[in-house]
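Report on the following structure.
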Amino acid sequence: MFLGRIADYTTVANVAIPFPTVINSNGRTTNNAGVVSIRKPGYYMVDADLTVTGVAGDIVATLYIDGVATPITATTTLTAATDFANLSISDAVRVAFSQFPDVATISIVIDTAGVIVDGSFRVFALD
């Protein structure tokens, strides 16, 4: 299982949130600035619980797999930059390798710059 936590991080639009590793309990995952590499095929549960503030407007958090946005998102609208909201992403994903180097990547990306994020990101095997 991988568990990363972030506090008071200010986002860059469309760049993975760089969750520092808190726990990495096995050889299935590695973390590189919030981009979690999956080293074994199988089914994985992905959970992200975020608190956002710092901007007014729509904020969308998206699960990226292999650097590509998926339809797995969470959206909120803040009416003022001092408001805050919680975003949660939770879904199971299948990792199947088709070629070398046998690694899939998973990350959480926010589409808006200047969002202040606190939260956690967890990836664990279901099989």
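The values are calculated or read from the model by the stated rules, or taken from the named source; none is laboratory data. In this text the structure is predicted, and so the values were computed from the model without any measurement. Virtual Cβ from ideal backbone geometry, glycine too; neighbours counted across all protein chains shown. For the accessible areas, the whole protein counts, side chains as well, though only heavy atoms, and no ligand, DNA or RNA atoms are used. Shrake-Rupley method; radii C 1.70, N 1.55, O 1.52, S 1.80 Å.
A few comments on the model shown:
- Residues that are assigned to a strand (DSSP E or B) and open to solvent by 20 Å² or more (accessible area, probe 1.4 Å) within segment 17-36 comprise Thr21, Val22, Ile23, Asn24, Thr30, Asn31, Asn32, Val35, listed in sequence order.
- Within segment 74-98, residues that are within 19 Å of Gly119 (Cβ to Cβ) have Cβ atoms under 8 Å from residues that are open to solvent by less than 60 Å² (accessible area, probe 1.4 Å) and in a loop (DSSP other than H, G, I, E, B) in these pairs: Leu78/Val55; Ala81/Gly54; Ala81/Val55, counting only partners at least 6 apart in sequence or on another chain.
- Single residue of Tyr44, Tyr64 found to be surrounded by fewer than 20 Cβ atoms within 10 Å (Cβ to Cβ) and in contact (Cβ under 8 Å) with a residue 24 or more places away in the chain: Tyr64
- Residue list for segment 37-59, restricted to those being closer than 17 Å to Ile106 by Cβ and either touching a Pro at 6+ places or on another chain (Cβ under 9 Å) or part of a strand (DSSP E or B) (or both): Ser37, Ile38, Gly42, Tyr43, Tyr44, Met45, Val46, Asp47, Ala48, Asp49, Leu50
- Condition met for Asp118 (open to solvent by less than 60 Å² (accessible area, probe 1.4 Å), among the charged types (D, E, K, R) and under 25 Å from Val22 (Cα atoms)): yes
- Subset of segment 67-80 [farther than 30 Å from Phe97 by Cβ and surrounded by 14 or more Cβ atoms within 10 Å (Cβ to Cβ)]: Thr76, Leu78
- Meets criteria (open to solvent by 10 Å² or more (accessible area, probe 1.4 Å), polar (S, T, N, Q), touching a Gly at 6+ places or on another chain (Cβ under 8 Å) and not in a strand (DSSP E or B)) for Thr105: no
- Under the condition of being in contact (Cβ under 8 Å) with a residue 60 or more places away in the chain and open to solvent by 20 Å² or more (accessible area, probe 1.4 Å), the residues counted in segment 48-61 number 5.
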